[in-house]
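**Q** Okay, here's the structure, questions in a sec.
Rule-based calculations on the coordinates, nothing more; no lab input. Bear in mind that the values here come from a model prediction, so they are computed numbers and not experimental data. FYI the Cβ positions are ideal-geometry reconstructions off the backbone, even for glycines, and counts take in every protein chain you see.
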Amino acid sequence: MLQTEMENWSSHDSIKTEAKNNEKTAQKLRPDFSFIDPAGDVIIWEHLGMLSMEDYRVGWEWKKRWYSENGFIVENNLFTTEDDPKGGLNAVQVKEIALKIKDKL
């Protein structure tokens, strides 16, 4: 499903972003999916598939803070999807997010 929604989009394996608080420090993050909009700005899509695992959840909280501190805003240029507690994926939610991102491209 996800692959079908995104097969014609540009995605990137990693992004390198200068941290706003310290321009000398470059951070390299590997989001699940990243896209470049027509203005040249990055849009991120993270799929949070293992939030039930403590180390994954802690890592996501750090990453979410970093995104926020560097201009990424949820439902604007940062989108997330999650597995349900049993590990299932909500296809309707995935399609809604995919369409929101597609509209920005």
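**Q** Each label point is 7 Å from the Cα along the Cα-to-Cβ direction; what then is the distance between the points at Leu105 and Gln93, in nm?
**A** So the label points at Leu105 and Gln93 sit 2.2 nm apart.
**Q** Take every DSSP beta bridge with both residues inside the range 34-105 and express the antiparallel ones as a percent of the total, to the nearest 5.
**A** Expressed as a percentage, antiparallel bridges in the range 34-105 total about 40.
**Q** Distance between Cα centroids, the range 86-105 to the range 59-79: provide it in whole Å.
**A** If we compute the Cα centre of each part, the gap is 18 Å.
**Q** Also, I was wondering about something else. List the GluC sites (Glu not before Pro) in the range 45-96 that DSSP assigns to loop (not H, G, I, E or B) and whose Cβ has at most 13 other Cβ atoms within 10 Å. Which are they?
**A** Glu75
**Q** Using the Cβ atoms and a cut-off under 12 Å, what net charge is assigned to the surroundings of Ile44, where Lys and Arg are +1 and Asp and Glu are -1?
**A** Net of charged neighbours comes to -1.
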